[in-house]
Amino acid sequence: MMCIWAKERIAASWTGELEGHEQTKLRSHLAECQECAAEMMQLSAMWERLADIPAPEPSLAMQARWDATIESLGVQRARQRRPEAWKFSLAALWPNRPVWQVTVAGACLVLGLAVGSNFSAVSRQTNKTEIAALREEVASTKEMVALSLLKEQSASERLRGVDYSTQMPRIEPEVISALIQAVNQDPSVNVRLAAIDALSRASGQPQVRQSLEQSLNRQESPTVQAALIGYLVDARDKQAVGALRQFARRPDLDQTVRERAGRATQQLTQFR
């Protein structure tokens with residue numbers, strides 16, 4: 001029973017979220033329990049490896065588009081400087097009477113402002129389009145890396161895949177499906193826990209909440225069961241009340257998890 005309590009708080013201890021008295025209690029248990037101490041060391045090593053993950057290098061296509069954008073900006077600046085070459089050639093056409101000089105100057109000013117405003121708007125729009133395309137390519141690269149790593153045989157590589165999914169600007173449907181599959185089928189408890197945490201970004205999607213709700217009865221690890229219950233509470237999924245009540249009646253359920261499911265049911269019924 002104490003081991004279950006400790007394993008539920010190992011991750012919180014590593015992130016500094018554990019309160020003082022619980023931290024002291026956890027350290028005391030780790031000093032006595034070799035199994036929990038080994039799991040703590042394994043989790044610590046995992047997060048340290050995640051910090052060493054290199055940033056993806058830009059592709060050749062991205063570099064080519066970037067060079068083309070810089071070159072086009074240089075051409076635009078050159079075009080903006082061309083009117084200066086007409087300064088002396090147009091001097092002969094400048095009217096001598098002041099009233100006409102003022103009229104022509106005003107017309108040129110209005111025309112210049114109109115052309116310049118339109119040109120600047122087009123240039124800004126072009127730049128925004130190029131930048132958006134570059135960002136989309138980076139996001140697509142991270143998605144492919146995440147999906148590829150999630151299929152690796154090594155648990156540490158699959159953990160890297162989960163971490164890559166958290167670096168994406170938005171979590172794509174294919175990545176969501178891969179993470180849900182990891183929660184349901186991955187043999188590593190640490191990978192399943194990391195996938196549940198990564199899916200918190202998609203907790204606003206009903207189909208994701210429903211998938212994790214159905215995953216409760218597939219789990220045998222009390223730690224994963226507790227993490228799924230916490231996910232449903234954090235997502236304020238009131239639709240999960242019935243499933244939690246049915247889950248709590250499982251005869252083989254750990255007592256601590258059963259009590260947690262009962263508290264979760266009470267919390268969800270209080271949400272408006």
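Every number in this text was worked out from the coordinates using simple rules, so none of it is lab data. This structure is a prediction, so every number in the text was calculated from the model and none was measured. Ideal geometry is used to build each Cβ from the backbone, glycine not excepted, and the neighbour counts take in all protein chains shown.
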Tell me, Thr166, Thr223 in order of fewest to most beta-carbon neighbours within 10 Å?
Thr166, Thr223
When a/c reaches 1.5 or more, the comparison of a/b and b/c decides; with that in mind, is the stretch 145-185 rounded, prolate or oblate per its Cα gyration tensor?
oblate
Order of Phe247, Phe271 under a 10 Å beta carbon neighbour criterion, fewest first:
Phe271, Phe247
Note on the stretch 213-253: alpha-carbon gyration tensor, axes a ≥ b ≥ c; rule is a/c under 1.5 for rounded, else prolate if a/b larger than b/c, else oblate; result oblate
Neighbourhood charge, 13 Å Cβ-Cβ cut-off, centred on Glu17 and excluding it, Lys, Arg +1 and Asp, Glu -1:
-3
Could you tell me whether the stretch 174-272 comes out rounded, prolate or oblate from its Cα gyration tensor? Rule is a ≥ b ≥ c as square roots of the eigenvalues, rounded for a/c under 1.5, then prolate if a/b exceeds b/c, otherwise oblate.
oblate
